[in-house]
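Encoded as structure tokens, the structure appears first; notes follow it.
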Amino acid sequence: MSFSTLTHLECSRAGTTFDADTVQGTSDLGAPLLARYDLDRVAATVSREQLASRAPDLWRYHELLPVRDPRYVVTLGEGFTPLLPLPRYGGQIGVPGLLMKDEGLIPTGAFKARGAAVGVSRAAELGVTGIAMPTNGNAGAAWAIYAARAGMRSLIAMPVDAPEITRAECVVSGAELYLVDGLIGDAGRLVAAAVTERGGYQEVSTLKEPYRLEGKKTMGYEIVEQLGWQSPDVILYPTGGGVGIIGIYKALLEMRELGWLTGDLPRLVAVQAAGCAPIVAAFERGLPESEPFPDAHTVAFGITVPKALGDFLVLDAVRQTGGTAIAVTDAELLAAQESLARAEGAFVCPEGAACFAAVGQLRESGWLAENDRVVVLNTGAGIKYPDTVRVEVPTLPADGRIPAPPAAH
């Protein structure tokens, strides 16, 4: 059995095919390219039981990933993050079967490491010597770290308001980093221009290369495997560029075709911040794609994407699974972040917190039932966003004493 069963790339709009063994960006229509595999061959040669004996990382699904030669795999041990029950918090909001897929424990502290691991590995296999991208922070940090691991150069541009820790990750790994006085789209224009002037660099912006998506889809494989090859009822995902929710849907369809998953697919929920909710607006209006969101701003910086290249794919995934799209305010997501930490000891990123706020609202509206098994993707570690927590604590004199404890709540 070969390491990968990759056959070709396919335009996500027109279905036309492209050679997978040359460096590719988007299709002739400017649409994302989707990796396709020989699923009949996988079904005939790989069993779910075989997967269980493999190393607990995302490369356990290597037949369904694009790297042909294992010598090119660039890894820091990413994948197979825990699927944690949250009975106390879930009970408080009326969803006792609530589960969290905690991507905060992955290398670089965010789910972006999945896409970076697979994308950098495939780029190295295809002879790329440098990667370049705009980022809201975490993706740039992950790609810079994995590029360093691969001995590859990296050019990163991020908005000046991007989290400081992500800048540090880029700098410490030797990336060529620039801050841009604007949004991620402004950073993207600068990066695209720079790539045309440089040799050996590949632009790896969201969905402008095919393989970040393949790394992200492994979250879908893991959730189903961790549930004993069963689907949850609902999966909520914080949606900016939307690669994760597109990837999870792609994984679900692949598993169904492989015979690894039967029955109804989970309802997929795209969660956005009220300050940047183009997908939600398009979903509510019944549009096939979104319109640029004006004056985008939210504390959940990772989902500040006014217009996503793959918005039509996100909307399709949500609609095809009977899901929905919902926006929450910054105040609501920050309150959920604090409530979850107090109830479960889980300090999640603001993007993940948006999903927990959305669970509560969907339960209140009756869209979620009490007996639904619900999975929330926490896409990063809360400690990467220290500014989301206001820390006001008393200072005691060295010769003072600690007062009696406050009343229990």
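Using a basic spin-label model with each label point 7 Å from the Cα along Cα→Cβ, how many nm lie between Ala407 and Val172? Between Ala407 and Val172, the simple spin-label model gives 4.4 nm. As a rough guide to protection, the peptides 80-91, 228-239 ranked by mean Cβ packing within 10 Å, highest first, stand as 228-239, 80-91. Model label points for Asp316 and Asp28, set 7 angstrom from Cα along the Cα-to-Cβ axis, are 1.8 nm apart. About the centre of its Cα atoms, the chain shows a dipole size close to 540 debye [charges on the beta carbon of Lys, Arg (+1) and Asp, Glu (-1) only; nearest 20 debye]. Which values of log₁₀ I(q)/I(0), to two decimal places, follow from the Debye formula for the range 248-319 at q = 0.14, 0.27 Å⁻¹ with a uniform point scatterer at every Cα? Log-scaled intensity ratios, in q order: -0.50, -1.18. Oblate is the label for the range 293-335. Its Cα gyration tensor axes, ordered a ≥ b ≥ c, give a/c of at least 1.5 and b/c at or above a/b.
How many angstrom separate the Cα center of the range 219-293 from the Cα center of the range 326-358? Value for the Cα centre distance between the two parts: 19 Å. Rg/Rh for the range 58-163: what does it come to with C-alpha atoms and Rh from Kirkwood? With Rh from the inverse mean 1/r over Cα pairs, Rg/Rh is 1.09. The range 17-72 has equivalent-ellipsoid semi-axes of 27, 13, 10 Å, by the square roots of 5 times the alpha carbon gyration tensor eigenvalues, sorted largest first.
Between Ala331 and Asp19, what FRET efficiency comes out of the Förster formula 1/(1 + (r/R0)^6) with R0 = 60 Å and r the beta carbon distance, rounded to 0.05?
Working: r = 49 Å, r/R0 = 0.82.
Plugging the Cβ-Cβ distance into 1/(1 + (r/R0)^6) gives 0.75.
Ligands, DNA and RNA left out, the accessible area of the range 17-176 computed with a 1.4 Å probe is 52% carbon and sulfur.
Taking amide H as placed 1.01 Å from N in the peptide plane, the amide H of Met100 sits under 5 Å from that of Leu84, Leu86, Val376, each at least 5 places away or on another chain.
Carbon and sulfur: what percent of the range 287-407's accessible surface (1.4 Å probe)? Write down the numbers at each step before the final one.
Working: 3380 of 6140 Å².
The value for the range 287-407 is 55 percent carbon and sulfur by accessible area.
Taking a ≥ b ≥ c as the square roots of the eigenvalues of the alpha carbon gyration tensor, the range 250-408 is prolate, as a/c is not under 1.5 and a/b beats b/c. When Val393, Val195 are compared by accessible area of protein heavy atoms, the largest-first order is Val393, Val195, using a 1.4 Å probe.
Would you mind calculating the gained length between Ser365 and Lys307 on full extension (0.36 nm times residue separation, minus the Cα-Cα distance), in nm to one decimal? Don't jump to the answer; show the numbers that get you there.
Numbers: separation 58, 0.36 × 58 = 20.88 nm, distance 2.79 nm.
Going from the current span to full extension adds 18.1 nm.
Which of the peptides 365-373, 133-141 is most tightly packed, and how do the rest follow, judged by the mean count of other Cβ atoms within 10 Å per residue? Intermediate values should be presented prior to the final figure.
Values: 365-373: 14.1, 133-141: 29.0.
Per-residue mean Cβ counts within 10 Å order the peptides as 133-141, 365-373.
Measuring nothing but alpha carbons in the chain and taking Rh as the Kirkwood radius, the Rg to Rh ratio lands at 0.97. In the context of the full set of protein chains, residues of the range 203-265 present 24 Å² of accessible surface per residue (probe radius 1.4 Å, heavy atoms only).
Taking all protein chains into account, the per residue accessible area for the range 12-72 stands at 50 Å² (1.4 Å probe).
Amide H contacts for Tyr211 (H built 1.01 Å from N in the peptide plane; partners 5 or more residues away or on another chain; cut-off under 5 Å): none found.
Determine the relative contact order of the chain: mean sequence separation of Cα pairs under 8 Å and six or more apart, normalised by residue count, in whole percent. Kindly include the intermediate steps, with their values, before the conclusion.
Working: 862 pairs, mean separation 67.8, N = 409.
For the chain, the relative contact order is 17 percent.
Its DSSP H runs of at least 4 residues, each contributing -39,500 (n - 2.57), put the calculated 222 nm mean residue ellipticity of the chain at -11000 deg cm²/dmol, to the nearest 500.
Which peptide among 41-50, 269-278 comes first, and what is the full order, when sorted by highest mean count of other Cβ atoms within 10 Å?
Values: 41-50: 13.0, 269-278: 25.4.
Output ranking for 41-50, 269-278: 269-278, 41-50.
The GluC sites (Glu not before Pro) found in the range 64-138 include none that occupy coil by DSSP while having at most 12 further C-beta atoms within 10 Å.
With the other protein chains left in place, how much accessible area per residue, in square angstrom, belongs to the range 279-350 at a 1.4 angstrom probe? Before the final figure, lay out the partial values.
Working: 3060 Å² over 72 residues.
Roughly 43 Å² per residue, with all protein chains present.
Here each label is just a point 7 Å from Cα along the line to Cβ, and for Thr129 and Ile383 those points are 3.8 nm apart. Once amide H atoms are built 1.01 Å from N in the peptide plane, which residues 5 or more positions from Leu368, or in another chain, come under 5 Å H to H? Residues meeting the amide H criterion: Arg363.
The values are calculated or read from the model by the stated rules, or taken from the named source; none is laboratory data. Note that the structure is a prediction, hence the values are computed from the model and not measured. Methodologically, a virtual Cβ is constructed for each residue, glycine included, from the backbone with ideal geometry; neighbour enumeration extends over all protein chains shown. Side chains are part of the model used for accessible areas, which takes the heavy atoms of the whole protein and leaves out ligands, DNA and RNA. Shrake-Rupley method; radii C 1.70, N 1.55, O 1.52, S 1.80 Å.
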